[in-house]
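First the structure, in the form of structure tokens, and then the observations on it.
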Amino acid sequence: MRSIRRFCRRLSWLQLIVLVSGAVVVGLNVLKFRQNNEARDRDRAKPVFEVHHLETEKPRIPTAKRVDSRPTKWIRVTQQAAPAPKRDKSLDSLHISIKTGLVYHQSRLSVLLETWFNDAPEQTYFITDTNDETLQQKTGDHLIVSKCGSSHSRASLCCKAEQEFEVFYQRKENKRWFCHVDDDTYLNVPELLKMLSKYDSSIDYYIGKSSIGRPLDISLVGKALPEGAVHKPFWFATGGAGYCISRSLLDRMESHIRNGGFVSICDSIRLPDDVAVGFLSECILGTTLTQLSVLHSHLEMQSRVHKSDVKSQITFSYGKLGTWDTLIPIDGPFSQEKDPTRFKSFYCLLHPKVPWCPPYTENLL
Ligand code: UDP
Ligand code: MN
């Protein structure tokens, strides 16, 4: 104590003031630090609020007719998001249906059976007009011989389309999706499954692609509108690009389709089977076509698909667009002469390990 007094006596007044104010500043900082710590501890004891990123773009798991173009926002919410709806990822939940005819058993079906059919042999059914034992064998008895006519007429094709649905309804037990393609369509089954897994089959879905780019506005002059139908412009998915219908919508369609119902819808609008499916879905059952850009028919310039996107497309076909030939836009591995439909080339690009595919196919794109 005495030494402190002696030390203070030696200091000038100015030195004393500097020393005391320094001590006050240090003291205040210590106090502030302690207050901050206490506040942080209080915050830790509060309930936790989670910050979720709200998707306001088209949802990954689409819900019926959800359209919202507002920009993405960050907001605070107190609850976890609802669990995702149950989705069907398995091949077995799928029924694939192809309309064909005797004229195409050899020219179209042989290459289809050599290629993508092998991705889903149990799930794929063919509706035709004439029996063919060789084809029965190759398809594992999945060739259904209808009593429909064998011409390209609307009546014959609508009759076959009704049979396609009939086969589905007879074996629908564990089925969640009905997908139709033509016999000149390549169906990329793994990509189809990926796409369908984003949709809930217990919601009404009619998924496909229009080839005319606008809703069809038909004149019903002199035509009898089917019961319950609304007369309005409607979209329809082209059969050649393929379309899929969810189990929920299929269940609602059933009473309109079976026992001649589908043929009579075709007759009442006097338009082909794929148009009649659109009419039934949109004008009778009120389910709008969900359009996908990854489906392609020979009614479009398929060469517009970029090379790097080819493998992720779900359908392609081959044939004429006016006077132009349009095909799957790939160069190899097979030449045009060896593989005029390009089905083998595409199959090998997707499945390079298949024994008959040339080696190094996977590096081609
Ligand atoms: N089709 C049929 N019988 C016929 C003509 C065509 O079953 O007499 C089927 C054909 O096998 C295909 C679908 O109807 O699955 C569409 O036929 P196509 O590709 O010849 O005509 P597009 O509609 O492409 O002009
Ligand atoms: Mn065609």
inquiry  = Suppose the chain between Gln136 and Ser312 were pulled fully straight at 0.36 nm per residue; how much longer would it get relative to their current alpha carbon spacing?
reply    = 60.2 nm
message = If you average 1/r across every pair of different Cα atoms in segment 89-291 and take the reciprocal, what Kirkwood value do you get, in Å?
response = 17.1
ask   = Do you know the Lys pair count in segment 89-291 for C-alpha distances under 15 Å, with sequence separation 8 or more or different chains?
value = 7
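What order, most packed first, do the peptides 150-157, 114-121 have when packing is the mean number of other Cβ atoms within 10 Å of each residue?
Values: 150-157: 14.6, 114-121: 18.9.
Descending mean neighbour count gives 114-121, 150-157.
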key: DSSP bridge orientation in segment 90-237 - percent antiparallel, rounded to nearest 5   = 5
remark   = Residue by residue through segment 117-131, the couplings from Karplus 6.51 cos²θ - 1.76 cosθ + 1.60 with θ = phi - 60°, in Hz, x for Gly and Pro, are 3, 5, 7, 8, x, 6, 9, 9, 10, 10, 9, 10, 10, 9, 5
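Read-outs throughout are calculated quantities, based only on the coordinates presented, and are distinct from any laboratory measurement. Here the structure is a predicted model, which means the values were calculated and not measured. Ideal geometry is used to build each Cβ from the backbone, glycine not excepted, and the neighbour counts take in all protein chains shown.
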